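Below is one structure; the comments refer to it alone.
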Amino acid sequence: MNLYTTSYTATLFTYSTTSRVSASPSTSTISCSLKCGSSGGVGRSRSRCSGVVFCASKLRGLAEAVVEKNGSSRSTAAAAAAVASTSAFDQDEISTHRTFLHARTEQDLLLGIQKEAEAGRLPIDVAQGMEELYHNYRNAVFDSGHPKAHEIVLANMAVALDRIFMDVRDPFQFSPHHKAIREPFDYYMFGQKYIGPLLDFRNSFIGNISLFNEMEKKLRQGENVILISNHQTEADPAIIALLLESTNPFIAENMICVAGDRVVTDPLCKPFSMGRNLLCVYSKKHMNDDPELLDMKIRANTKSLKEMAMLLRGGSKIIWIAPSGGRDRPDPVTKEWYPAPFDASSVDNMRRLSEHAGVPGHIYPLAILCYDVMPPPPQVEKEIGEKRVISFQGVGLSVAPKISYQEVTAALEDPEEAKLAYTQSLYSSVSEQYNVLESAIYGKQGLKASTPTISLSQPWQ
């Protein structure tokens, strides 16, 4: 394995609920519009090379902390230096086309997008998406009131744009079971560090933290955990991990997400997905987008289900799945958000896979509220490349006690009725938890929104 160490200086920031690390490069504000001709780029086979990029004068002391990968509670702050590396190009290309890691100002970043698009190395639609992402991320972080907002935006967007650009030039292909890429570049910490500044931890809450401890104990005993959850944003996995990293880092880092094809094909989303453990499937909502691809999608989903079955047979797996088949949407009339209904067949498939794994499995209903951080388009879109609206906002996560299929369906003889009853039991629990989180965050009740069955806390305080 050839290792290339770059000498670029890029200050990189982390967001932690307990500490902050920052430096102070200069920034400026400009408006940069894209007027480019050709598009596309030449792909190359991906090679593995590494190079940690950081501001030596500010972050040298964190370098050693990043290397320690055996700790049980890897914090976001400990990884401030591990957020940029090279992995796609040879040494000549590194010096020529790592445009964004050279950036010292906002102007450098935006002109870099324009330059790569004009050179034909960035498709125009991707370039426009990158510029839009920059502005929306900048505005959201500025809204947080963080004293180092300028520096956080510059550092995090430099790495994000670099990784997006690298993947456009040399696209990464996801396997049915994708394992989070942690080295030579740590994509997991990249995602944590990028999403962290968007969360208002003062107005964020976890419901029933003791149950996450219960789940972690079962996982360490070799048992499986299935989280049946609603789904609100592309950032859900990162938000779950950020809320749990101070108390349950094992869950945060080992959770396997059942992911739709859009998060592994959209150029602006792929680098963040590369840092998650994924089981890649095609959502029912998009199965018939192109009838000619239907058979291929069915075969791919069958392969992913077989991968899931093998994983569960190995034990100690925690799988997060949204059986609604996609993200929640607001009511078109009232504009109120609520968990989308669960698909009973999806729930039953997960239940069967868990029961036939040969090791104990437990199904927990999980609720997440975070739509304002990165809301989906109002309607389901067929085309890849949605607009990313981003906000600084409080978020919530809650879990309820595991729900037994046998207990819910003991009095039912009809299998279809039993399937629907079990699905409804899980959905009702998720909805109840969601309403408590909504009261705490948007109803401004805070911890007082707790109920006898849902105890809210802020373990990062």
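The values are calculated or read from the model by the stated rules, or taken from the named source; none is laboratory data. Not measured: the values here are computed from a predicted model. Virtual Cβ from ideal backbone geometry, glycine too; neighbours counted across all protein chains shown. Heavy atoms of the whole protein, side chains included, go into the accessibility calculation; ligands, DNA and RNA do not. Shrake-Rupley method; radii C 1.70, N 1.55, O 1.52, S 1.80 Å.
Structure notes:
- In the set (1) modelled with pLDDT of 95 or more; (2) touching a Leu at 6+ places or on another chain (Cβ under 7 Å), the condition left unmet by His177 is number (1).
- Scope region 346-362; condition in a helix (DSSP H, G or I) and within 25 Å of the chain's Cα centre (by Cα); matching residues: Ser346, Val347, Asn349, Met350, Arg351, Leu353, Ser354
- Evaluation of Arg98 against the conditions (1) at pLDDT 50 or above; (2) open to solvent by 10 Å² or more (accessible area, probe 1.4 Å) shows that the sole unmet condition is (2).
- Of residues in region 387-420 being hydrophobic (A, V, I, L, M, F, W, C), farther than 26 Å from Glu223 by Cα and without any contact (Cβ under 8 Å) to a residue 12 or more places away in the chain, the one most open to solvent (accessible area, probe 1.4 Å): Ala411
- Matching residues in region 437-457 - criterion: being open to solvent by less than 60 Å² (accessible area, probe 1.4 Å) and either touching a Phe, Trp or Tyr at 6+ places or on another chain (Cβ under 9 Å) or among the hydroxyl-bearing types (Ser, Thr, Tyr) (or both): Leu437, Glu438, Ser439, Ala440, Ile441, Gly446, Ala449, Ser450, Thr451, Leu456, Ser457
- Scanning region 298-322 for residues that are out of contact with any helix residue (DSSP H, G or I) (no Cβ under 9 Å at 6 or more places or on another chain), closer than 17 Å to Phe174 by Cβ and among the β-branched types (Val, Ile, Thr) yields one hit, Thr302.
- First in region 301-322 and open to solvent by 20 Å² or more (accessible area, probe 1.4 Å), second anywhere and among the aromatic types (Phe, Trp, Tyr), Cβ under 8 Å, 6 or more apart: Asn301/Tyr282
- Test: Ser246 is of a type outside the set (Phe, Trp, Tyr), surrounded by fewer than 22 Cβ atoms within 10 Å (Cβ to Cβ) and modelled with pLDDT of 95 or more: yes
- Residue that is modelled with the highest pLDDT [pool: residues in region 259-285 that are surrounded by fewer than 20 Cβ atoms within 10 Å (Cβ to Cβ) and farther than 21 Å from Asp167 by Cβ]: Lys284
- Meets criteria (under 23 Å from Asn435 (Cα atoms) and surrounded by 22 or more Cβ atoms within 10 Å (Cβ to Cβ)) for Phe201: no
- Extreme residue, least open to solvent (accessible area, probe 1.4 Å), among residues of region 346-384 that are of a type in the set (Lys, Arg) and at pLDDT 95 or above: Arg351
- Some residue of region 223-238 being at pLDDT below 95 and either more than 15 Å from the chain's Cα centre (by Cα) or among the acidic types (Asp, Glu) (or both): yes
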